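**Q** Quick one: the structure is below, questions incoming.
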Amino acid sequence: MGHQRERTIRHGGTDDLEALALLHDPVRRSLYDAVTAGGGDVGRGEAAEAAGVSRTLAGHHLDKLVEAGLLESGFRQQEKKGPGSGRPAKVYRRARGERSVSLPPRDYAALASVLADVVDLLGAEEQAEEVARRAGERMAGQYAGQPVERVLGERGYEPYEEGGTLRLRNCPFHVLAEEQPLLVCSMNLALCQGLLQGLGDDPARARLDPRPGECCVALSKTNGD
């Protein structure tokens, strides 16, 4: 699949390739991006406005993405109760699963899990962090002159700004982080610090600041913020 970003998602009932093929449609991709960028429940109207399409068209495509397992849907709690309150608004959020497509099938996650266990068995956490830091510096060579926000976006972290802090909505290593959270988060931090260093930025901007459902790393806007 070349340089395109892979999403590893396991979801029963729909073939991964068929599901991801839906995102080749520009309208569906725009709606998917609008929902995932929202970081939570996004209404049909909000997604339609972000994608520049009508609510009716947005609803059709959003429901198709739900059927494919790429999004989940629900209903927003109404503030007003009782008669005259209207129907609950339908909302959409990113699906909790992951999808990945490789031809023929590959299982890199299984090998990564084995290697993480080896690091843990050997007590080689510091060496693993150093390797991750160097990997981040090498990665920076592909993105010379680009801001770290754009690089992190290209690598699947989905950065967004909140109160002067650059937070990362997605963890590219989520599955492995659930098995080995301390090791993977420390390596992820080292990787981001190495990336900053390689971009000529301050590696001290990156720090551990875990939030449920997000990446464990956050970046201050400038050192000392």
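**Q** When residues of segment 127-161 are filtered for being under 14 Å from Gln197 (Cα atoms) and either touching a His at 6+ places or on another chain (Cβ under 8 Å) or aromatic (Phe, Trp, Tyr) (or both), how many remain?
**A** Residues that pass the stated criteria total 1.
Results for (1) at pLDDT below 95; (2) under 28 Å from Asp202 (Cα atoms); (3) open to solvent by 40 Å² or more (accessible area, probe 1.4 Å); (4) not aliphatic (A, V, I, L, M), shown as yes or no for each residue.
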{"position": "Ala50", "(1), (2), (3), (4)": "yes, no, yes, no"}
{"position": "Ala58", "(1), (2), (3), (4)": "yes, no, no, no"}
{"position": "Ala95", "(1), (2), (3), (4)": "yes, no, no, no"}
{"position": "Ala110", "(1), (2), (3), (4)": "yes, no, yes, no"}
{"position": "Ala128", "(1), (2), (3), (4)": "no, yes, no, no"}
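**Q** Looking only at segment 31-74, which residues are under 23 Å from Gly156 (Cα atoms) and assigned to a loop (DSSP other than H, G, I, E, B)?
**A** Listed by number, the residues that qualify are Gly39, Gly40, Asp41, Ala68, Gly69, Leu70.
**Q** Might you let me know whether segment 148-162 holds any residue that is over 17 Å from the mean Cα position of the chain (by Cα) and surrounded by fewer than 19 Cβ atoms within 10 Å (Cβ to Cβ)?
**A** Taking segment 148-162 as the starting set, the residues that turn out to be over 17 Å from the mean Cα position of the chain (by Cα) are none.
Checking segment 148-162: not a single residue is over 17 Å from the mean Cα position of the chain (by Cα) and surrounded by fewer than 19 Cβ atoms within 10 Å (Cβ to Cβ).
**Q** Shifting gears a bit: Which of the residues that make up segment 137-182 are basic (Lys, Arg) and more than 30 Å from Leu121 (Cα to Cα)?
**A** Residues of segment 137-182 that are basic (Lys, Arg), as a first pass: 138, 150, 155, 167, 169.
Residues satisfying the conditions are Arg150, Arg167, Arg169.
**Q** Another question, then. Residues that are among the small types (Gly, Ala, Ser) and free of Cβ contacts under 8 Å to residues at least 24 places away in the same chain: does segment 163-173 have at least one? Break it down into steps so the answer makes sense when it comes.
**A** Just the residues of segment 163-173 that are among the small types (Gly, Ala, Ser), to begin with: 163-164.
Still in the running and free of Cβ contacts under 8 Å to residues at least 24 places away in the same chain: 163.
Yes - at least one qualifying residue is present in segment 163-173.
**Q** For segment 183-225, name all the residues that are under 17 Å from Glu126 (Cβ atoms) and open to solvent by 50 Å² or more (accessible area, probe 1.4 Å).
**A** Met187, Leu208
**Q** A further question on this structure: For segment 62-85, indicate whether the set of residues that are touching a Lys or Arg at 6+ places or on another chain (Cβ under 9 Å), open to solvent by 30 Å² or more (accessible area, probe 1.4 Å) and modelled with pLDDT under 85 is non-empty.
**A** yes
The values are calculated or read from the model by the stated rules, or taken from the named source; none is laboratory data. These numbers were taken from a predicted model, which means no experiment stands behind them. Don't worry about glycine lacking a Cβ; one is built from the backbone with ideal geometry, like all the others, and counts go over all protein chains shown. Note: accessible area is taken over every heavy atom of the protein model, side chains too, but ligands, DNA and RNA are not part of it. Shrake-Rupley method; radii C 1.70, N 1.55, O 1.52, S 1.80 Å.
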